[in-house]
Amino acid sequence: MIRMNDVYQSYGPGTKALKGVDLRIDDGEFVFIVGPSGSGKSTLAKLITAELRPTEGRVVVNDFNTSKMKMSEVPYLRRTLGIVFQDFRLIERKTVYENVEFAMRIVGASPREIKRRVSYVLDLVGILHKARRKPTELSGGEQQRVAIARALVNNPNTIIADEPTGNLDPDRSLEIMMLLQHINDLGTTVIVVTHEKELVNQFDKRVVAIDGGLIISDRQGGYFQYEQT
Amino acid sequence: MNRHNIVYFFREGIKSIFSHGFMSLASVTVMITCLLLTGTALLLVLSVNLTIESMVTLGDIRAYVDETYTREEAEALENKLRMIENVSGVDFIPNDRALEEMRDEFGTDSWLLDGLEYDNPLRHSYRIMVVNIDEYDQTIADIESVQGIADVHSSRESVNKLSVIRNILGTVSLSLMVLLGAVAVVIISNTIKLATFDRREEIAIMKMIGATDGFIRFPFIIESVILSQVAALIAFGLQWLAYNYIVSIGLSSIELIEMIDFSTVKYYFLGGFMSTAFVFGVLGSIISIRKFLKV
C-alpha cells in the first residue's frame, strides 16, 4: 500500500517538482501515472522507490515511512518493490539467468530456492528458453521481460515500472503491458509511469494524471478522459 | 552476511582482480615496496637494539676493586653489587683468573706474561650485567659509589651513541610506516576505485533492487584483502631472502653491529606484514567505494 500526504518535492530554490500531492494506492491495484515530460511523474516514482525523500509531507510505501526512515532501511523497502526501468538496466556480463538469480542472492535466498524461483519467473515472462543468453543477445522486448522477471523474482508486493515501454515498438510494448496485467492478476500491485496515450487507452485501468507537479486527474479509465477534463 | 553468499563474494572479488590486472599488479607492487622499506628499517632498529642489549647484558661493565683489598674483602663486595637496582648478574673475577684470561687473549705471545703469577699486578674485578639499558648511567653511578670499587669501565659512550642511532632509526621507520602506509592506501583505493567505477552501473542496479551497502562492498573488500595478503606474503619472502643475503655477504663481519637473526622474528614479521596490509587494504577499499553507494 502506498500513501502520499501533502507531498512537496523541490530540487532547489524555486524548482518544485511536486506541489502538495495526495495519493493512495491500495494493494492489488493496477495504476497508470501519466503526464507530459517534466510534469513530476518520475519524481513521484522516485519518491516511491526512496531515491528521493520528500521535501515536505509524508510518503509511506509498504509500511515504510520514507520521510523518516534511516538510509540503512532503504534496501529493505526496495525489497518489497520490483523496479522496472525504461533502459532495462541489466548487467551485461551476466546471463539472463544470472541477472535474475542475482536479485535473489541479494536477499540471501538459498541455492535451492533460487533455482526453483528463477526458473518459475523466467517461464512466467516467457524467456526461460533464453536463460543462458547474455542481455546483448536479446531484443529490447526480451530484455524488458528479463527486467520484469528480475523485479518479480523476490515476490514483491508492488511492481513499479518507469516508462517500461519507452524503448520498445508498439507490438512489444503491448506484450509487456499484457505481461504486467497478468502479474497484477496474480495479486501484485502494479504502478506504470508512462506518457504513451495509446497504450494506456488499451487498458481500462486507474489513471493518475499529473502536470506541473499537481495531480490533475485520478480516475478509472483511459488517458483521453484525463485530457477531456 | 548470508552463508550462501560467501562463495559469491569470493568469486566476484577474484574475478575483479584479474579484470583489472594492471592496477592489481601495481597495487601489489606498491604494497610490497612499502612493506619491504618499513621492514628493513625495522630490522635495522632491532639489530641496533640487539647490539646495545648484548653489550650491556653480556657484562659490558667491569668494576675494579681497590688494590689494597684482599681477595676475601673483594669477594665480600659481591652482595653490595647485587643489591644495586637494575643489576641482573655479577661475576667475580679474581686477579689470577684475570691473568689467565689475559694469557688467552695474548695467545702465542702469552710468554710475555710469564712470571707475573708470582707478583700479580692485576686487580680483582667484577663483570656486571644490567637489566634495563635506559638506566645504564644511573647503574654505573651506583656501582662507582660502592666502597671498595676503585674504577668502573664500560661502553657508556658507545651505548649512548647506539641509543641515539636506535632512536633516529625508530623515528625514521615510524615515519616511513605512516608515509608508505598512506601511499599504499591511496594506491589500493585507486585500484578499487577503478573496479568500482567500471561497475558503477551494476552497483546502481544492485542498490535499486535492494542490496545493502555491505553486500555491495564485500566483494571489493575481498579483492583488496586478497591483493594485500598476496603482497604481504611476497614482501615477507623477499625480506627474509634479502636480509639473510645481506647478512651473509658482509654486514655480519662488521663487529660493531650485531645483526638480528631473522628466523627469531619471522612470525612477528609475517603477522605484522599481513595485519598491516590487511588494515591498509580494507581501509583503501572502504574509502574508494563510499561515494558509489550513494544511490
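The values are calculated or read from the model by the stated rules, or taken from the named source; none is laboratory data. The structure presented is a predicted model; accordingly, all values stated were derived computationally and were not measured. Glycine also receives a Cβ, built like all others from the backbone with ideal geometry; neighbour counts cover every protein chain displayed. These accessible areas exclude ligands, DNA and RNA; they are computed on the full protein's heavy atoms, side chains included. Shrake-Rupley method; radii C 1.70, N 1.55, O 1.52, S 1.80 Å.
Couple of notes before you dig in:
- The residues listed here are B:249, B:188; of these, the one that is β-branched (Val, Ile, Thr), open to solvent by 10 Å² or more (accessible area, probe 1.4 Å) and at pLDDT below 85 is B:249.
- Check on residue A:85, surrounded by 22 or more Cβ atoms within 10 Å (Cβ to Cβ), at the interface with another protein chain (Cβ under 9 Å from one of its Cβ atoms) and among the aromatic types (Phe, Trp, Tyr): no
- Filtering B:131, B:146, B:159 for residues that are open to solvent by 20 Å² or more (accessible area, probe 1.4 Å) and among the β-branched types (Val, Ile, Thr) leaves a single hit, B:131.
- In segment B:7-22, the residues that are open to solvent by 70 Å² or more (accessible area, probe 1.4 Å) and hydrophobic (A, V, I, L, M, F, W, C): B:7, B:10, B:14, B:18, B:22
- Flag for residue B:90 being over 19 Å from residue B:139 (Cα atoms) and in contact with a Lys or Arg (Cβ under 8 Å, 6 or more places away or on another chain): no
- Residue count, segment B:74-96 (criterion: open to solvent by less than 90 Å² (accessible area, probe 1.4 Å) and out of contact with any strand residue (DSSP E or B) (no Cβ under 7 Å at 6 or more places or on another chain)): 5
- Selection over segment A:127-154 of residues that are in contact (Cβ under 8 Å) with a residue 24 or more places away in the chain and open to solvent by 20 Å² or more (accessible area, probe 1.4 Å) gives a count of 10.
- Listed conditions (1) open to solvent by 20 Å² or more (accessible area, probe 1.4 Å); (2) touching a Leu at 6+ places or on another chain (Cβ under 8 Å) are all met by residue A:44, apart from (1).
- Scanning segment B:165-192 for residues that are of a type in the set (Val, Ile, Thr), out of contact with any Phe, Trp or Tyr (no Cβ under 8 Å at 6 or more places or on another chain) and farther than 24 Å from residue B:46 by Cα yields a count of 4.
- Per the listing A:59, A:74, the residue uniquely under 19 Å from the mean Cα position of the chain (by Cα), at pLDDT 90 or above and in a strand (DSSP E or B) is A:59.
- Wholly within segment A:104-214, strands (runs of 3 or more DSSP E) carrying at least 1 residues that are away from chain B (no Cβ under 14 Å) and at pLDDT 90 or above: A:189-194, A:206-211
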